[in-house]
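Taking it in order: structure first as structure tokens, then the write-up.
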Amino acid sequence: MDAVELAYAGISRQAQLIASGEVSSRELVDLYLERIEHLDGKLNCFRVVFGERARVEADQADGRRGAGDRRPLGGVPIAVKDDIDVAGEVTAFGTNAHGGPEQSDAELVSRLRAAGAVVIGKTNVPELTIWPFTESATFGVTRNPWDRQRAPGGSSGGSAAAVAAGLVGAALGSDGMGSIRIPAAWCGLFGLKPQRDRVPVAPKRAPWHGLSVNGVLTRSVADTALFLDCVSAPAGSTQEAAPAPAIEFSRAAQTVPDRLRIAYSRRIPPGTVARVEAETVAALEETVELLRSLGHEVEERDPDYGMAATAAVARYLRGIHDDARAMAHPERLERRSRGMARLGAMVSPALLERALAAEASLARRMNEVLEQHDLLLTPATATPPPRIGQLEGRGALWTLNAVAAMVPFNGVWNMTGQPAASVPAHLGSDGLPRAVQIVGRANGEAAVLSLAAQIEAARPWAQRRPAEFV
């Protein structure tokens, strides 16, 4: 297979190629390390690359395969977002306020290794993973492969840019207010925020007071489904339970859904001043018409958001405050991060408890639309990605209001904990990706994956690649 085609093949295809012996893990790791060496200087996706360590792991994977060992991700390279622990390496969190190296892998990384994956490096994030752009004083600016003067999104911006540029087949992300879905939308990838508690977050406990979950950014729906098969806890179990058999999510991604009732909405959740730009509206409308052509019943119906955005922001701000206090050297944090931590300090324990207590009633209210519909469709973001440095030097509150207007559709579904995915739509006249968001019922990842895969089959997106990186 051509080297570029292999780099962009995605993890499910790469796993098949390695299992069949058509490609070795070492060849694939060497290909990615070479691409990172020659191309990452243009993007700054990786905070650290595990060159020799990854080669050793690849050789071990090839040895296991030769001995008959068959693992679902045997020898496939994956990158890790730099808010998730890798043994022997610091978890830098986008800052120099961090402490020393971690003693053990996060539970998610352990499960990926057990499935055979090779960890190739850690990807950049904004400081404390606060923002939907990836720029920090410590590790610099991460750029969007589709336009290097634009942000890739955040906080999983390094992960998204790396996958979009063909520097790795998949990369871990976390999503506390849209941090998987936003960079997926702005980099032309598939990004699913799983159901809360589906993917382990240990050693963390309820990060951002239950808002944040772990997941992955991939080139295809099948890649995300394979990832979930490898790392998810069985339904009804704790996050730390052994992974479920590799069947449910991959099967869903291969199943054509029956005729669905789908609601769509462009309504901005109350509490945010935002306007959806014209090409994003067009992406939503095109997707509505596509779904109708596929036989689904689609009607406009707005969720009753109530004050969900306010409740989510309270938990977000208090979570930032807690993360800042937990840093080994909080005095080293950037001025804007310290400002966000001060805002979080204003969310008293009593106010936080009220926000947490409101979740059940707000979730019932928001999900009334899903009592009569199988899924909900919204824009993934309101705007294309901001320009690099557009918000540099701005204070905490000013930046918070500015980014809220760009990404108003995401954080409310972190508050409810249910699954939601960013699905590529088209490239705009500016050459930048546009996307829609599919929201599922609680524990409804299978339905989201099935519909997203049907959209992908009708409107393939993985073949679209940023010209500078092919």
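The values are calculated or read from the model by the stated rules, or taken from the named source; none is laboratory data. If you're wondering where the values come from, they're calculated on a predicted model, not measured in any experiment. Please note: Cβ atoms are built from the backbone with ideal geometry, for glycine as well, and neighbour counts cover all protein chains shown.
Annotation note: Cβ proximity below 7 Å between a residue of the range 268-292 that is free of Cβ contacts under 8 Å to residues at least 24 places away in the same chain and more than 14 Å from residue 380 (Cα to Cα) and a residue that is assigned to a loop (DSSP other than H, G, I, E, B) and of a type in the set (Val, Ile, Thr) (sequence gap 6+ or interchain) occurs for no pair. Screening the range 295-315 for residues that are surrounded by 15 or more Cβ atoms within 10 Å (Cβ to Cβ) and small (Gly, Ala, Ser) and picking the one that is farthest from residue 340 (Cα to Cα) gives 306. Selection over the range 155-178 of residues that are on the phi < 0 side of the Ramachandran plot and under 10 Å from the mean Cα position of the chain (by Cα) gives a count of 11. Scanning the range 249-267 for residues that are crowded, with 16+ Cβ neighbours inside 10 Å and outside any loop (DSSP other than H, G, I, E, B) gives 249, 250, 252, 253, 262, 263, 264. Checked against (1) β-branched (Val, Ile, Thr); (2) closer than 24 Å to residue 131 by Cβ; (3) surrounded by 14 or more Cβ atoms within 10 Å (Cβ to Cβ); (4) over 22 Å from the mean Cα position of the chain (by Cα), residue 280 passes all but condition (4). Consider the range 357-399. How many of its residues are among the aliphatic types (A, V, I, L, M) and either in contact with a Cys (Cβ under 8 Å, 6 or more places away or on another chain) or part of a loop (DSSP other than H, G, I, E, B) (or both)? Counting residues in the range 357-399 that are among the aliphatic types (A, V, I, L, M) and either in contact with a Cys (Cβ under 8 Å, 6 or more places away or on another chain) or part of a loop (DSSP other than H, G, I, E, B) (or both) gives 5.
Just wondering, is there one or more residues in the range 50-62 that are among the β-branched types (Val, Ile, Thr) and crowded, with 16+ Cβ neighbours inside 10 Å? No; the residues of the range 50-62 include none that is among the β-branched types (Val, Ile, Thr) and crowded, with 16+ Cβ neighbours inside 10 Å.
Exactly one residue among 55, 64, 47 is out of contact with any Cys (no Cβ under 9 Å at 6 or more places or on another chain), closer than 23 Å to residue 125 by Cα and of a type in the set (D, E, K, R), and that residue is 47.
Is it true that residue 202 is modelled with pLDDT of 95 or more, farther than 17 Å from residue 422 by Cβ, assigned to a strand (DSSP E or B) and of a type outside the set (D, E, K, R)? When the stated conditions are applied, residue 202 does not pass them.
Count of the range 346-361 residues, restricted to those that are closer than 26 Å to residue 94 by Cβ and surrounded by 15 or more Cβ atoms within 10 Å (Cβ to Cβ), is 3.
As a summary of the residue check, residue 445 satisfies the conditions (1) charged (D, E, K, R); (2) buried (at least 23 other Cβ atoms within 10 Å of the Cβ); (3) out of contact with any Phe, Trp or Tyr (no Cβ under 8 Å at 6 or more places or on another chain) except for the one numbered (3). All of 181, 196, 219 fail the test of being at pLDDT 95 or above, more than 29 Å from residue 356 (Cα to Cα) and of a type in the set (Lys, Arg), apart from 219.
Among the listed residues 318, 325, 292, which satisfies the condition of being in a helix (DSSP H, G or I) and buried (at least 16 other Cβ atoms within 10 Å of the Cβ)? That would be 318, the only listed residue that is in a helix (DSSP H, G or I) and buried (at least 16 other Cβ atoms within 10 Å of the Cβ). Annotation: of all residues in the range 148-162 being in contact with a strand residue (DSSP E or B) (Cβ under 9 Å, 6 or more places away or on another chain) and over 10 Å from residue 183 (Cβ atoms), the one that is surrounded by the fewest Cβ atoms within 10 Å (Cβ to Cβ) is 149. The sole residue among 447, 457, 405 that is hydrophobic (A, V, I, L, M, F, W, C) and either touching a Lys or Arg at 6+ places or on another chain (Cβ under 6 Å) or without any contact (Cβ under 8 Å) to a residue 60 or more places away in the chain (or both) is 457.
Kindly provide the set of residues from the range 1-47 that are in contact (Cβ under 8 Å) with a residue 12 or more places away in the chain and assigned to a loop (DSSP other than H, G, I, E, B), ordered by number. Before the answer, list the steps.
At the first step, the residues of the range 1-47 found to be in contact (Cβ under 8 Å) with a residue 12 or more places away in the chain are 1, 3-4, 6-12, 14-15, 17-19, 21-26, 28-33, 35-36, 39-40, 42-47.
Residues satisfying the conditions are 1, 8, 9, 10, 21, 22, 23, 24, 43, 44, 45.
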